[in-house]
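As structure tokens, the structure follows; a few thoughts come after it.
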Amino acid sequence: MAKVIEGLYYSESHEYVRVEGEYGFIGITDYAQNALGAVVYVDMPEVDDEVEAGEEFGAVESTKAASDLMAPVSGTVVEVNEALDDQPELINQDAYENWIIKVEMSDKSELDNLMDAVAYEAFCAK
Amino acid sequence: MAIKQILEKRVKRTCLYDRHLSMGAMMVEFGGFDMPLLYQSSINQEHHAVREHVGLFDVSHMGEVTVRGRDAERYVNHIFTNDVSNMPAGKILYGMMCYENGGTVDDLLVYKLGDNDFFLVINAANIDKDWAWMQEQAAGFDIELKNESDVYGQLAIQGPESEHIVETVLDIPCSDLVFYTCKVIPTPNPSHMGGEDNYLQGLLISRTGYTGEDGFEIYASHDCIRECWDKLIDAGVQPCGLGCRDTLRFEVGLPLYGDELSENISPVMAGLTMFIKFDKPEFIGREALLKQKTEGTARKLVGIELHDKAIPRHGYTVLNMDGEPIGEVTTGYHTLSTDKSVCMALVDTAYAALGTDVQIQIRKKVFPGTVVKKQFYNKSYKKN
């Protein structure tokens, strides 16, 4: 069973947001990393890039295919997880510990459009 | 649509389909067949199993066409770019069938089983197209042409331990087989001969493969293939799917029809002139291919190595250093055996020289790379 963490917000495209004040840590869920297989490359934006909710902000690549990452919320990138440059497989080891980007959210009300842990778990079970 | 038409469009299954499902394989449609992409492991694991030990592939989706009769050799030499005259029985040649304009119909293996007795192995995705084309070319030849694709299953056992495994698990002596030779032997179980359809009346084994490792391919009736598969799996051989089949062949520079060869990509463009025997008096496409060889072609297939880890994939655009499009990626991966982001690409000939600086567009960014040889990893064939 894939791990789903309470208190995070989840998108239908299997990204999560962990909120800390004005900031959101964004990554892919355990369900997603398991479906993708071994991650060999993470294509990340730069600090100061703008991300738009529902728009593509990067990609996660396995041997077989590239999967676009869709931003669950809008904002400005304040940090990218540089550890993923050399060790992209960290996402497989712990998808929640190893977030991909940290953004300063521009509109926290967008979180209302996302699922909570219970809803996401039900969504994955379909 | 009539039921018959619907049935014809249905995705086909090999004789090992049930086994793939029971092993939890992730299935994918390829060439009109429902095939295993990978088993309960990862593409990386299966890839490394083949490079370091041994792996087992169901390749029963491949097609087989037999050519027999008085004009068999003449016919094969008419449709094939390589030269089958003077082949000893038991020898195998790789080459292409081409259209008059030099475009590729398919790449294939031609097995000579005896005088005027040839066994052609063609790509699954092209079976219907090849069969129709081959029949059209048969006018005026005294031959018996048969599409035996549904009759045979096929296994590939690949890796440095494959000879040991075939000899001990399948009880088939094969140390006498050199690279690109074959033999027909009785099936281990006489009831698995396969009936009258199976003109092999036995099991055909060749020292061939599509991975760059030493290995064997086995063709036999469905029952015999199932028995061999079960024995190999019970002995602990790693089953391998199409995922690693592609990463393995790509690393050693082997083409895949549909990507590196097509009706628009000739064997000359793909750098495969070694398999075109121009001193044969005639074969379909000879004039066009000779012209391409002597005058050059507008585009050529090259290898490109990126300086970063970003992965170039099929269809991505190749640019020159001024940002102008000069070609497309045909196949690309981050290689599992050499840990580099590399691809094969069809580019304008002006940029095809080894060492040329190019760039590849990967989603929103452009990554620099260099033109390199298409073989990214050295093959380990047993050639003597």
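Throughout, read-outs are computed from the coordinates displayed, never taken from laboratory work. As the structure is a computational prediction, the values presented were derived from the model and not from experiment. No Cβ is skipped: glycine too gets one built from the backbone with ideal geometry, and neighbour counts run over all protein chains shown.
A Förster radius of 45 Å, combined with the Cβ-Cβ distance separating A:A2 from B:E263, puts the computed FRET efficiency at roughly 0.50. A crude spin-label estimate for the pair A:D85 and B:D348, with each label 7 Å from Cα along the Cβ direction, gives 3.3 nm.
Across the range A:9-25, computed HN-Hα scalar couplings (Karplus, 6.51 cos²θ - 1.76 cosθ + 1.60, θ = phi - 60°) run 10, 10, 9, 5, 9, 6, 9, 10, 10, 9, 8, 9, x, 7, 9, x, 9 Hz from first to last residue, x flagging Gly and Pro.
How much length, in nm to one decimal, is gained on full extension between B:L21 and B:H164, taken as 0.36 nm per residue of separation minus their Cα-Cα distance? Don't skip to the end; give the middle numbers.
Values: separation 143, 0.36 × 143 = 51.48 nm, distance 2.78 nm.
Here the segment from B:L21 to B:H164 would lengthen by 48.7 nm.
Over all Cα atoms in the protein assembly as shown, the spread is summed up by Rg and Dmax: 25.6, 84 Å. Along the charge dipole of the protein assembly as shown, which of B:T335, B:V54, B:H314 sits closest to the positive end, that is, farthest toward it, with unit charges on the beta carbon of Lys, Arg, Asp and Glu (+1, +1, -1, -1)? The Cα lying farthest towards the positive end belongs to B:V54. Taking the charge dipole of the range B:209-277 about its Cα centre, with +1 at Lys and Arg Cβ atoms and -1 at Asp and Glu Cβ atoms, the residue from B:Q238, B:L254, B:I265 reaching farthest to the positive side is B:I265.
Counting charges near B:G153 (Lys, Arg +1; Asp, Glu -1) among other residues having Cβ under 12 Å from its Cβ returns a value of -4. Ranking A:T76, A:A59, B:V121 by Cα position along the charge dipole of the protein assembly as shown, where only Lys, Arg, Asp and Glu carry charges on their C-beta atoms, puts B:V121 farthest toward the positive end.
If you take the beta carbon distance between A:A117 and B:R13 as r and set R0 to 51 Å, what does 1/(1 + (r/R0)^6) give as a FRET efficiency, to the nearest 0.05? Write out the running numbers ahead of the final one.
Working: r = 40 Å, r/R0 = 0.78.
That pair, A:A117 with B:R13, gives E of 0.80.
Which values of log₁₀ I(q)/I(0), to two decimal places, follow from the Debye formula for the range B:299-372 at q = 0.24, 0.25 Å⁻¹ with a uniform point scatterer at every Cα? The computed values of log10 I(q)/I(0) come out as -1.02, -1.11.
Here the sum of -39500 (n - 2.57) over DSSP H runs of 4 or more residues, divided by the residues of chain B, equals -6000 deg cm²/dmol at 222 nm, to the nearest 500. A cut-off of 5 Å between modelled amide H atoms, ignoring neighbours fewer than 5 places along the same chain, links B:Q154 with B:V59, B:S60.
Taking a ≥ b ≥ c as the square roots of the eigenvalues of the Cα gyration tensor of the range B:63-147, is the shape rounded (a/c under 1.5), prolate (a/b larger than b/c) or oblate? Display every interim value, and only then the final one.
Details: a/c = 1.43, a/b = 1.28, b/c = 1.12.
Rounded shape, in that the Cα axes give a/c under 1.5.
For the range B:24-172, averaging the sequence separation of C-alpha pairs within contact (under 8 Å, six or more residues apart) and dividing by the residue count gives a relative contact order of 32 percent.
How high is the relative contact order of the range B:299-372, in percent, counting Cα pairs under 8 Å that sit 6 or more residues apart?
After rounding, I find 40 percent.
Simple point charges give the picture: +1 on the Cβ of Lys and Arg, -1 on the Cβ of Asp and Glu, and for the range A:9-125 a dipole about the Cα centre of about 440 debye. Relative contact order for the range B:63-147: 41 percent, from Cα pairs under 8 Å spaced at least 6 residues apart, divided by residue count. Taken over the range B:179-303, the convex hull of the Cα atoms encloses 161 Å³ per residue.
Note down the magnitude of the dipole of the range B:1-157 about its Cα centre, charges +1 on Lys and Arg C-beta and -1 on Asp and Glu C-beta and zero elsewhere, to the nearest 20 debye. Spell out each step's value before the answer.
Values: 14 positive and 23 negative charges, 65 e Å.
So the magnitude is around 320 debye.
Summing +1 for each Lys or Arg and -1 for each Asp or Glu among the other residues whose beta-carbon sits under 11 angstrom from that of A:P88 gives -4.
A Förster radius of 30 Å combined with the Cβ-Cβ distance from B:F179 to B:N101 puts the calculated FRET efficiency at roughly 0.35.
Taking a ≥ b ≥ c as the square roots of the eigenvalues of the Cα gyration tensor, an a/c ratio of 1.5 or more together with a/b no larger than b/c marks the range A:9-125 as oblate. Placing unit charges on C-beta atoms (Lys and Arg positive, Asp and Glu negative, everything else neutral), compute the dipole magnitude of the range A:1-57 about its Cα centre in debye, rounded to 20. The calculation lands at about 520 debye. Taking 24 Å as the limit for the C-alpha separation, the pairs A:K64/B:K365; B:K340/B:K374; B:K300/B:K340; B:K183/B:K383; B:K112/B:K146; B:K112/B:K293 exceed it in the case of B:K112/B:K293.
For the range A:110-118, the Karplus equation 6.51 cos²θ - 1.76 cosθ + 1.60, evaluated at θ = phi - 60°, returns couplings of 4, 4, 5, 7, 9, 8, 8, 4, 5 Hz by residue, with Gly and Pro reported as x. Taking every alpha-carbon pair within chain B, the share separated by more than 39 Å comes to 16 percent.
Going by a ≥ b ≥ c, the root eigenvalues of the Cα gyration tensor, does the range A:72-126 fall in the rounded group (a/c under 1.5), the prolate group (a/b larger than b/c) or the oblate group? Show your work: numbers first, answer last.
Working: a/c = 3.77, a/b = 1.18, b/c = 3.20.
Verdict is oblate for the range A:72-126.
Spin-label pair B:D322-A:S106: with each label point 7 Å from Cα along the Cα-Cβ axis, the two points sit 3.7 nm from one another.
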